[in-house]
Every structure is written in C-alpha cells, then in structure tokens.
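Asks: First the structure, then my questions, so here it is.
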C-alpha cells in the first residue's frame with residue numbers, strides 16, 4: 001500500500017496512542033473509588049492531574065525531558081477551572097486557591113532547593129512538574145507524593161546499579177516515579 005507523506009497508517013497511529021492507554025484506565029479507577037466522596041472541583045482537578053501526569057511521565061520516559069508547553073498547559077487549565085469558581089463561590093474558591101498555592105510552593109520549592117543543591121542533578125522540568133502538580137493535588141497530598149516518588153526512584157536507581165544496568169553517572173527520568181507518587185497520594189488519601 002502506497003501512502004503519501006500526509007497520511008499515517010493505522011498501525012503507526014496505534015503505536016503513537018498505545019503508551020497512553022493507561023489514562024482512561026486510571027481515570028475509571030479513580031471514579032469508581034472516589035466519585036461520591038469528593039467535590040466536583042476536586043474530582044476534576046484530580047482527573048486532570050492523572051491525565052497530565054501520565055502524559056508527562058510517558059514523555060519523560062521517552063525523551064528524558066518535560067516540555068515546558070505541557071507544564072504551561074497544566075497551569076493554564078488550573079486557572080481556567082478555578083477562575084469560574086471565584087465567581088460562583090468565593091469562600092470555596094479561596095480555600096481551594098490557598099491549598100493549591102501552598103502545595104505549589106512546597107512542591108516547587110523543595111525541588112528547586114534540591115535542583116540548586118545538586119548543581120542541576122535534578123532536572124528543571126521535574127521542579128516545574130512538582131510545582132504544577134502541587135496546584136492540582138494541594139498541600140495535603142504534595143508532600144506524600146514527593147516522598148513516595150523520590151523513594152521509589154532511589155530504590156529503582158540502587159537496584160539498577162546493583163545489577164550493573166546503571167552507573168553513578170547515568171540518569172533516570174524522575175517524572176514517572178513522581179507520577180507514581182502522585183497516584184499513591186491521590187488513591188491512598
């Protein structure tokens with residue numbers, strides 16, 4: 001079958017979409033577990049965090065980079081969701097905004113300090129990702145998410161070094177581990 005440059009075969013499309021099949025599975029699991037326990041806004045923020053985080057984790061695994069456009073999209077969507085709440089219920093909005101901003105400052109601040117102290121051993125995208133994630137999951141979930149994710153990454157790195165699959169100079173993408181930490185924080189709340 002001859003194809004021109006503007007068409008993509010069904011197999012190629014499937015290969016592009018296959019890594020993202022986990023998004024609907026995770027969102028479905030979240031709805032089954034928490035749909036009646038959370039407010040509409042928190043449910044929406046968690047669902048979007050699950051989707052954005054998944055895309056960022058897959059992207060970081062493939063390229064060892066977190067594109068700024070994905071982080072910007074996370075921040076922009078958060079603003080688009082929270083702004084209407086200000087018009088509807090200012091008290092609820094202020095509580096959500098304070099919780100989210102504190103989560104952002106803690107997530108981004110802790111990782112920024114590690115970024116500076118490690119002389120860029122930690123990627124700048126990871127700092128921005130945790131800041132954006134802090135907006136979505138808030139103060140109460142960002143600290144456990146960071147803890148779970150970094151411990152999991154450290155254990156994985158040590159295990160890979162023990163089996164000589166990784167040296168001390170090699171790097172591993174951190175976003176997938178942070179994402180798992182975020183999922184654990186969300187699902188074990």
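Asks: What 222 nm value per residue comes from the helices of the chain, counting each DSSP H run with n ≥ 4 as -39,500 (n - 2.57) and dividing by all residues, nearest 500 deg cm²/dmol?
Replies: Here the helix-only value at 222 nm equals -26000 deg cm²/dmol.
Asks: Follow-up question, since we're still on this one. Would you please put 136-145, 21-30 in order of how densely packed they are, using the mean number of other Cβ atoms within 10 angstrom per residue and starting with the highest?
Replies: Going from most to least packed, we get 136-145, 21-30.
Asks: Compare the peptides 168-178, 148-158, 89-99 by average per-residue count of other Cβ atoms within 10 angstrom and give them in order, highest first.
Replies: Listed from highest to lowest mean packing, they are 168-178, 148-158, 89-99.
Asks: Rounded, prolate or oblate, given the Cα gyration tensor of the range 24-109, with a/c below 1.5 counting as rounded?
Replies: Since a/c reaches 1.5 but b/c is at least a/b, the shape of the range 24-109 is classed as oblate.
Asks: Now, a different point. Which of 87, 112, 44 ends up with the largest GNM mean-square fluctuation for the chain, with Cα atoms connected below 10 Å?
Replies: Ranking 87, 112, 44 by mean-square fluctuation puts 87 first.
Asks: Is the chain rounded, prolate or oblate when judged by the Cα gyration tensor, a ≥ b ≥ c being the square roots of its eigenvalues, rounded requiring a/c under 1.5 and prolate requiring a/b larger than b/c?
Replies: oblate
Each reported figure results from applying straightforward, stated rules to the coordinates on display, with no laboratory input. All values reported here derive from a predicted model rather than from experimental measurement. We place every Cβ from the backbone using ideal geometry, glycine too, and count neighbours over all the protein chains shown.
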